[in-house]
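The next block holds one structure in the form of structure tokens; read it before the comments.
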Amino acid sequence: MYAKLQKIASGRLLIENLQERTTSSLWSKHLMKRKRWIKYALDLAVLAIAFALSYLFRFDFAIPRDEFLCGMVQIPWVVMIQFATLNLTGAHQFIWRYVGMTEAKSLLHAAGYSLLLIVMLHLGLPDQYRLLKPPRSVIVMDTVLALGGILTLRLHYACCDALYMNETASGETCGAMLVNGRGRCY
């Protein structure tokens, strides 16, 4: 007790507490930045997989060599447009733990804007740039698969997070779960 009073009097206790808080807050900021980049990488992976799947579905899982090369040229700019519209519509500002109608609406807007932009580029580019123009069926299918994949990714994260929170709160694992509203689990 006497040692603690000496620390309080000299101000060392305050400095030690401040150092602990600063270190932990720096560590949490570092983890939050890393988490954000992981989420960005997951979104990019889902968008790229959706484009690849739409090409596979378009050509019945037997893509001709010329079309495969066209797809490899098209995938970076299509994914870039989709990712940019996700950012511009605010889809990355939402907390992944809470997925609701507001977030779904934002994702739907992002899908619509990216579809519109890609179709405009498809129709606006001259035929000499055929290499850059994805087939119309691929554009539509990619938009649907990307929207479904991004929404599924967020729902999966929300469910896993809810299961983890339920498990750690009660100390035991739970069976079936009903996710209601803003992340409440029953």
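The values are calculated or read from the model by the stated rules, or taken from the named source; none is laboratory data. What you see is a predicted model, and the numbers here were worked out from it, not measured in a lab. Cβ atoms come from the backbone with ideal geometry, glycine included; neighbour counts cover every protein chain shown.
For segment 51-85, residues that are of a type outside the set (V, I, T) and not in a helix (DSSP H, G or I) total 5.
Among the numbered conditions (1) surrounded by fewer than 15 Cβ atoms within 10 Å (Cβ to Cβ); (2) at pLDDT 80 or above; (3) part of a helix (DSSP H, G or I), the only one that T143 does not meet is (1). In segment 91-104, is there at least one residue being modelled with pLDDT of 85 or more, assigned to a helix (DSSP H, G or I) and not β-branched (V, I, T)? Within segment 91-104, none of the residues are modelled with pLDDT of 85 or more, assigned to a helix (DSSP H, G or I) and not β-branched (V, I, T).
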